[in-house]
Amino acid sequence: MKKTFAIDRIIDANLNRLKEGIRVCEEITRFILDDKSLTARFKAIRHEISGISENLPDKCRLLKGRYSEGDVGRKTHHHHELKRSGVEDIFFANIQRVKESLRVLEEFLKLKNTPAALRFKDLRYSVYELEKKAFTKIKSLRYHR
């Protein structure tokens, strides 16, 4: 497998993981917390991610490189992935996924698209702050329900 092809697969997989994770967090702030401000911030980040990914010059190549059926990590699960004790766990798992994907994208896009890498870096720091605010509200749910 060519190195460029492998890097494209990494970028594609992490874009998907990032969008999925951010959407789960957005749904929690929207439907469980009923928090308009947090929901708007997650939505804005999700749209920024879409904007960055749409403007990647090789987005078609990323899609062509996708090989979900043969992905060696597809059926590998950690026992924690299959258990959630509540909304707090769901949020925590997905915000971690978001931060990890942002970091992976930042690193690998340094090889292909430095401006996009820098935008993902900025988003990562925005997510750190957003996580803190959302998690504080989510933890308070335990005491009010």
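A compact table of results
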read-out: First in the stretch 100-116 and surrounded by fewer than 15 Cβ atoms within 10 Å (Cβ to Cβ), second anywhere and of a type in the set (A, V, I, L, M), Cβ under 8 Å, 6 or more apart; value: Glu107/Ala117; Lys110/Ala117; Leu111/Ile7
read-out: From Asp34, Asp89, Asp71, residue being assigned to a loop (DSSP other than H, G, I, E, B) and at pLDDT 90 or above; value: Asp34
read-out: Those residues of the stretch 1-31 which are charged (D, E, K, R) and at pLDDT 95 or above, in sequence order; value: Arg17, Lys19, Glu20, Arg23, Glu26, Glu27, Arg30
read-out: The stretch 117-143, residues that are over 17 Å from Ser50 (Cα atoms) and surrounded by 19 or more Cβ atoms within 10 Å (Cβ to Cβ); value: Leu130, Ala134, Ile138
read-out: Residues of the stretch 1-60 classified as among the β-branched types (Val, Ile, Thr), more than 19 Å from Ala117 (Cβ to Cβ) and touching a residue at least 40 places away in the same chain (Cβ under 8 Å), total; value: 4
read-out: Checklist (1) farther than 18 Å from Phe42 by Cα; (2) touching a Leu at 6+ places or on another chain (Cβ under 6 Å) applied to Arg124, failing item; value: (1)
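The values are calculated or read from the model by the stated rules, or taken from the named source; none is laboratory data. Treat the numbers as computed from the prediction; the structure is a model and nothing was measured. Note that we place each Cβ from the backbone using ideal geometry, even for glycine, and neighbour counts take in every protein chain shown.
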